[in-house]
1. I need the semi-axes of the equivalent ellipsoid of the chain: take the C-alpha gyration tensor, multiply each eigenvalue by 5, square-root it, list largest first in whole angstrom.
2. Kindly provide the pair-distance distribution of the stretch 30-139 built from C-alpha pairs, with 5 Å bins from 0 and whole-percent values in order of increasing distance.
3. Quick one: compute a quarter of the convex hull surface over the Cα atoms of the stretch 125-256 and quote it in nm².
4. Amide H of SER484 versus every other amide H placed in the peptide plane: which residues, excluding those fewer than 5 positions away on the same chain, fall under 5 Å?
5. For the ranges 80-90, 419-429, what's the packing order if you count other beta-carbon atoms within 10 Å of each residue, average per peptide, and put the highest first?
6. So what is the relative contact order of the chain, in percent, for Cα pairs below 8 Å that sit 6 or more residues apart?
7. Write down the accessible area per residue of the chain in Å², having rolled a 1.4 Å probe over the full set of protein chains.
8. Ordered by residue, what ³J(HN,Hα) values in Hz, to whole numbers, does the stretch 367-380 give under the Karplus form 6.51 cos²θ - 1.76 cosθ + 1.60, where θ = phi - 60° and Gly and Pro are x?
Amino acid sequence: MRFRLVFIVFLSILLFYSTAHTNNQEQDTPNAIQTNNENSPKIVLIIIDSLMDKPLKKAIQENKAPALDFFLNHGRYHNNLVSSYPTMSVSIDSSLITGTYPDKHKIPGLVWYDENEQRIINYGNGFFEMMKIGISQFTEDSIYQFNNVDLSSNVETIHEVLDKSGKETASINSIIYRGNYEHILKIPKVLAKTTTLPEQYKTFGPKILSLGAFIRQDEKNSHLFNRLGLNDAFAAQELKYLLEKNILPEFTIMYLPANDHFVHRKGPETIEGIEKLDKQLQEILNVFPNWNNALDNMVWIIIGDSPQSLVKKNKKEALIDLREILSNYNILKLDELVRNNDELVITANERMAYIYKISKDCSMHDIASRLQTDERIAWVAWKENDMIQVESGDQKGALQFKPKGDFKDIYNQNWYIKGNSSILDLTIKTKNQLKYGDYPDGLARLYGALHSQKGDFLIVDAKPGYEFIGESSPEHTGGGAHGSMHKNDSLAPIIVTGTNKSIDDLRIVDLKKWILDFLE
């Protein structure tokens, strides 16, 4: 009975695995707010999980996304915003608010192995993995430890920087929210009573923090039952509340997760999630006397965090089971402590995976060689001395690189490169200029992932159409998945309204600096 109760409760909280539902409760129509004409402009950054160029344009063409159409027609649009790597929301959003890749912010992915604690960290990669790791541990990692322990104290979030300059900020339903103000996250009673979780956690966030049922600004916000408030309707209601009360701060981040669930299930072509989230954006715009007033002295930035690639329907073909490829090694199980004879740890992040060597008797080259025998794997990479080594079963030789050299890319980053550059689809032009192909900003992003954590480990990246699985990993055959460094998973749309200030480098890692420059 207790297991069943916990199962039902946590089925509602899963952000990455369960089916989306619509809250049909009627809401009283709020009074329209008056346009705020203060001198200081305000920025609202809306992150739409797995928003992609083609379905966005299709939804607009079919008149199913009037709010997004409004923002697009009144702003500037790009479809090539480069994501972070791995292309999983927790790493991407960490890069967004810190302006750094994982080598600095230290959030390696949705699932990774902590060498110090000798355990697998899982921020929400599927119900069965979560159950094996433990409900209490999973909740503490994703709700508390992420911001207060794992996110590096050596980097500053945009909330922390703006607070120092006297500007208030808000975070609505973004799991990554660290700031300078103390808040209390209240664990719903049913969870506290059926697990070892405490009744509340002390955490640090921006001046205004909303996170579903754990903390909210609008006490009348009734959208709590669908995923414990970690849903689009809850987030929209919180932003409407800030607008109606005229307490919207200088900078606000709002995260809308539901589209991701539709794309995972139905594939990258679906527009169902966009149609539903657009209704929430319409609700927000309706707070104003008319939609054009939403542009008065306000900047709206709407981005996708990363696209998804179509996964083939045939499970045997589509799913790369790393346990089978590495079956001659002893692999740590999710629900067990590290034993003396364990040799490897596998953490699959959909279309990429980390493979950790925890035994001195194992050879990185031997592991890499076995992985390259599977033709569905694009390449394998690991650290070797001060270099990054990249090899592919499809091509001869290896690519080696490190920062600081004679080759310069379009982001003015300098690299030392040796070997077969075509493994990462790099083109070397005149005057040692680098051009990226299938892997946008591939050198910096791969370097960031391989320096995101301690220990000896490899990265494997899948070709389009395929997905990695480990023990109890979720799978998305016939639907969509992300995680890889390939451009199919990496180039997201961005809409910017309310300013003519250009964005020099269209990378998620550069948005923090752009916002700070604008507000300062």
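1. On the way: eigenvalues 261, 151, 90 Å².
For the chain, the semi-axes come out at 36, 28, 21 Å.
2. 2, 9, 13, 14, 14, 13, 13, 10, 7, 4, 1
3. Numbers: hull surface 33.3 nm².
Seen from a random direction, the Cα hull of the stretch 125-256 projects 8.3 nm² on average.
4. THR87, ARG351, MET352
5. Working: 80-90: 27.7, 419-429: 16.7.
Peptide ranking by packing, descending: 80-90, 419-429.
6. Answer for the chain is 26 percent.
7. Values: 21110 Å² over 520 residues.
Roughly 41 Å² per residue, with all protein chains present.
8. With coefficients 6.51, -1.76 and 1.60, one gets 4, 4, 5, 5, 5, 6, 6, 8, 6, 7, 8, 6, 6, 10 Hz.
The values are calculated or read from the model by the stated rules, or taken from the named source; none is laboratory data. Because the structure is predicted, anything quoted here is derived from the model rather than measured. All Cβ positions, even for glycine, are placed from backbone atoms using ideal geometry, and neighbour counts span all protein chains on display. Protein only, heavy atoms only, side chains kept; ligands, DNA and RNA dropped before computing areas. Shrake-Rupley method; radii C 1.70, N 1.55, O 1.52, S 1.80 Å.
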